[in-house]
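Worksheet: one structure, shown below.
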Amino acid sequence: MIAVPRKTLAAFVCLALGTPLDQGFGARAADALPDCTAGDALCEQRLHGRVVNDASVFRADASPSSEAERATLAASGLAPSELRRMREQAVVQPAPAVPSQVSAQLGDDARANFVSGRAELTPAAEAALDMLVASMDGLAVSRVVVVGHTDSQRISARLRPVYPDNQALSEARAATVAGYIKRQLGLDAGLFSIAGKGPTEPVDSNDNPAGMAKNRRVSIEIWGTRAAAAVAAPAAPAADLACGPAGDSIVAPTLAQPFQLSIDGAPQDGQLASEADRQRCVDVALAS
């Protein structure tokens, strides 16, 4: 008895019936998928690939193929298509050139924001993000950029099967923060972009524990517009700007606080302004 591969057998059937190979297989593959509206790039991107001879189609929303992907989805609460869309946005839509309206950072130097070696948020981190969400009341969000960073310590052998390197871990943490903000504000995944930089952009030395803790962080930049107030407040003199003149109440961004939040360059809850905050405030003032 001669064993004949199913594809070969099916090809003979199509030839015998006079049906082109691509139509014979492609029609059945297409029947299993919903039609995409003309110009719907996202729908088209959901089709991972197509084999020319038989038009076999694979759904992008299939089960995650790696342990890192499964762990990221579990920690972030995102659907596979939402996670993929956030990753794509970081590539196809660069961050706006204008200053963000809200800027925040989860730092790891005073408290742990994530479970060690994982991407799950701690209760302290959730409380900090709730503070961030509250500060966005009245803001019509148009873009959210979340970037994760780690120290230079290698992933332990025990955790490597989940996150093979720091880049994967930092991206997973960015996805978790983005997923939390998305749920709390009811935003569409298309407004978010996420990225993981791993240890490539340190803000301090990795030669000591204190510096490594400062390097473990997630930065959040949010753009949007606020509803105009019913009665415009009198314009404040330039000298009274929250950011102040150069050299006035400005400190270097030491990341000494576990959670930093500034709105239009003005630090919240008594935090001193950093030079970056002052410059953002100046940029916003000049743009208004």
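Please treat every number below as a calculation from the coordinates, not as lab data. Just so it is clear, the model here is predicted, and its values are computed rather than measured. Positions of Cβ are backbone-derived with ideal geometry, glycine not excepted, and every protein chain shown enters the neighbour counts.
Some observations on this one:
- Packing around the peptides 108-121, 75-88, taken as the average count of other Cβ atoms within 10 Å per residue, puts them in this order, highest first: 75-88, 108-121.
- Mean projected area of the Cα convex hull of segment 80-155, taken over all directions, amounts to 7.0 nm².
- Long-range tail of P(r) for segment 122-221 (Cα pairs > 22 Å, %): 35
- Neighbour counting of Cβ atoms within 10 Å sorts the residues Tyr180, Tyr163, fewest neighbours leading, into Tyr180, Tyr163.
- Residues whose placed amide H lies under 5 Å from that of Val102, excluding near-sequence neighbours: Ile222, Asp264
- Listed peptides 202-208, 192-198 by packing density, highest first (mean Cβ within 10 Å): 192-198, 202-208
- Potential lengthening between Ala79 and Arg160 on full extension [0.36 nm per residue; Cα-Cα distance subtracted]: 26.8 nm
- Amide H partners (placed H, <5 Å) of Phe114, local residues excluded: Thr122
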